[in-house]
Amino acid sequence: MRKKRFKSYDKVEDIIAGIGLILGVGIIFIGIIARYIFDHPLTFVDEIAPIFIVWSTLVGYSIALRKDEHVKMDILYTAIKSPVLRMLMDLFSYLCGFLFCTFMMVYGYRSMIMQRNMNRVTQILEFPIWITYLIIPFIGAVMIIRYIGLIAKLLRRGREVEHTEEKEG
């Protein structure tokens, strides 16, 4: 049941990232056509398109984390042959990511509340800016959950490595 919920969430995440990217690029394309072909620039394009691009990028980071395919520097990692040292490096990496996402969630929430309290809106559409900031604490929380899952998976794998080393020894 629990895995089914996560799979449903994963599909929603994939759809949101895809739609956000398509909308962002599509709006930019329409803006380019309007400006250079019809000589009638659409001013709202510069307000809306970045929101879709940034949201889909942040959701894409969560998707990459789900697949454990986030950006890594693996020169040192591939040079080390010890599975224990590799697991420690993975753990360090996951803990740093966890701390970063905690920072992102807390300060993203604070920024969102500050924007809401100041009643800031976009210049052209007068859309509340705090709504665009919602993604920061949300994705921070989602990625914290993903990092906890990666850490748990790593620790389970570590127990399995210890168990097999005990059998061999």
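The values are calculated or read from the model by the stated rules, or taken from the named source; none is laboratory data. Just so you know, these numbers come straight off a predicted model, no measurement behind them. Positions of Cβ are backbone-derived with ideal geometry, glycine not excepted, and every protein chain shown enters the neighbour counts. All accessible areas refer to the heavy atoms of the entire protein, side chains included, with ligands and DNA or RNA removed. Shrake-Rupley method; radii C 1.70, N 1.55, O 1.52, S 1.80 Å.
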Query raised in the report: How big, on average over all directions, is the shadow cast by the Cα convex hull of the stretch 21-94, in nm²?
Result: 6.9 nm²
**Report entry** Cut-off under 5 Å, modelled amide H: who pairs with Val121 long-range
**Finding:** Ile129
Query raised in the report: Which is the longest part of the chain that has none of the GluC sites (Glu not before Pro) sitting in a DSSP loop with at most 11 other Cβ atoms within 10 Å?
Result: 1-68
Query raised in the report: Counting only protein heavy atoms and using a 1.4 Å probe, what share of the accessible area of the stretch 59-169 belongs to carbon plus sulfur, as a whole percent?
Result: 65 percent
**Report entry** Euclidean distance of C-alpha centroids, the stretch 16-42 and the stretch 77-94, integer Å
**Finding:** 44 Å
Query raised in the report: Do you know the Lys pair count in the stretch 1-109 for C-alpha distances under 21 Å, with sequence separation 8 or more or different chains?
Result: 6
Query raised in the report: Going toward the positive end of the dipole of the chain, with +1 on Lys and Arg Cβ and -1 on Asp and Glu Cβ, which of Phe100, Ile53, Ile75 do you reach last?
Result: Phe100
**Report entry** Translational D in µm²/s for the stretch 1-129 (Stokes-Einstein at 25 °C, 0.890 mPa s, Kirkwood Rh from C-alpha pairs)
**Finding:** 135 µm²/s
Query - Residues of the stretch 39-101: accessible area per residue with a 1.4 Å probe, Å² - result: 66 Å²
Report summary line: Magnitude of the Cβ-charge dipole (Lys and Arg +1, Asp and Glu -1) of the stretch 25-107 about the Cα centre, nearest 20 debye, reported as 360 debye
Report task. Please report, in debye to the nearest 20, how large the charge dipole of the stretch 37-169 is about its Cα centre when each Lys and Arg carries +1 at its beta carbon and each Asp and Glu carries -1 there. Result -> 380 debye
Query - Most mobile of Leu91, Leu58, Leu42 in a GNM of the chain (Cα contacts under 10 Å) - result: Leu42
